[in-house]
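Below: the structure, in structure tokens.
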Amino acid sequence: MIVKITTSGLCGSDLHLYEVLGPFLDEGDILGHEPMGVVEEAGSEVTEVAPGDRVVIPFNISCGTCFMCSQGLHSQCETTQVHAQGMGASLFGFTKLYGQVPGGQAEYLWVPFGNTLPIKVPHGPADQRFVYLSDVLPTSWQAVQYADIPPGGSVVVIGLGPIGDMCARIAKHLGASVIGVDLVPERLERARARRDGARPQRA
């Protein structure tokens, strides 16, 4: 399907492509793996969404039906694995290292697996209400799950950028006592200003 992009986040991982991962970046590559928008066109076999539907697009490109996807390991999708680079599933906008699929920092985005990949969201609320479903929220949720915080336990989140801040919010939501650590005054102030957020500590 083709999605008309209305919002696309900028990830710290995008910045790595201009630095240490520069050798994998080719002229004409389109970056961006945190997009959402409105379905403009859909192929004849796409039945779960239709033109006009509002969707968020996850950053990893997974079929949703292979063995790895059925185990919840979408980042290792067998259908889109980048064997030439020895990597897992393809990613939107992440150069030939992850399949060289054009990304979402564009007017339109080609999206495969229209029945299983997009996340349909309602019209009405601002994009900021939903765009974090593409990367920030699931990445942070997984990190908190990996931390395996015991009920009523405590956790220290080192770094309160977008992912760290969201980790702190999720851990707090799940009942943990959260201490957030950062060197950036604005990040500490943002955490401090949120009544239910982390207890900010300067490193």
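The values are calculated or read from the model by the stated rules, or taken from the named source; none is laboratory data. Here the structure is a predicted model, which is why all the values come from computation and not from measurement. Positions of Cβ are generated from backbone atoms using ideal geometry, with glycine treated the same way; all protein chains shown enter the neighbour counts.
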Q | Subset of the range 55-80 (residues that are touching a Phe, Trp or Tyr at 6+ places or on another chain (Cβ under 8 Å) and under 23 Å from residue 126 (Cα atoms)) | A | 56, 57, 59
Q.
Testing residue 41 on (1) without any contact (Cβ under 8 Å) to a residue 40 or more places away in the chain; (2) closer than 16 Å to residue 114 by Cα; (3) of a type outside the set (Gly, Ala, Ser), one condition comes back false. Which one is that?
A. (1)
**Q.** the range 93-106, residues that are within 13 Å of residue 17 (Cα to Cα) and outside any loop (DSSP other than H, G, I, E, B)
**A.** 96, 97, 98
Q: Report yes if residue 144 is among the aliphatic types (A, V, I, L, M), closer than 30 Å to residue 40 by Cα and under 20 Å from the mean Cα position of the chain (by Cα), otherwise no.
A: no
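State yes or no: is residue 169 of a type in the set (D, E, K, R) and surrounded by fewer than 17 Cβ atoms within 10 Å (Cβ to Cβ)?
The answer is no for residue 169.
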Q.
Give all pairs with beta carbons closer than 6 Å in which a residue from the range 128-140 that is in contact (Cβ under 8 Å) with a residue 24 or more places away in the chain meets a residue that is buried (at least 17 other Cβ atoms within 10 Å of the Cβ) and assigned to a helix (DSSP H, G or I); count only pairs at least 6 apart in sequence or on separate chains.
A. 136/162; 136/166; 139/163; 140/163; 140/166; 140/167; 140/170
Q) Which numbered condition trips up residue 113, out of (1) assigned to a helix (DSSP H, G or I); (2) assigned by TED's automatic domain parsing to the domain that holds residue 42; (3) modelled with pLDDT of 95 or more? A) (1)
Q) Of these, 73, 133, which one is out of contact with any strand residue (DSSP E or B) (no Cβ under 8 Å at 6 or more places or on another chain), of a type in the set (A, V, I, L, M) and surrounded by fewer than 20 Cβ atoms within 10 Å (Cβ to Cβ)? A) 73
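For residue 51, state whether it is buried (at least 21 other Cβ atoms within 10 Å of the Cβ), modelled with pLDDT of 95 or more and either within 19 Å of residue 134 (Cα to Cα) or not basic (Lys, Arg) (or both). Step through it out loud before you land on a result.
Numbers: buried (at least 21 other Cβ atoms within 10 Å of the Cβ): no; modelled with pLDDT of 95 or more: yes; either within 19 Å of residue 134 (Cα to Cα) or not basic (Lys, Arg) (or both): yes.
When the stated conditions are applied, residue 51 does not pass them.
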Q: Would you mind telling me which numbered condition in (1) over 18 Å from residue 4 (Cβ atoms); (2) at pLDDT 95 or above residue 151 fails?
A: (2)
(Q) When you scan the range 174-191, do you find a residue that is in contact (Cβ under 8 Å) with a residue 12 or more places away in the chain, within 17 Å of residue 139 (Cα to Cα) and under 23 Å from the mean Cα position of the chain (by Cα), even just one? (A) yes
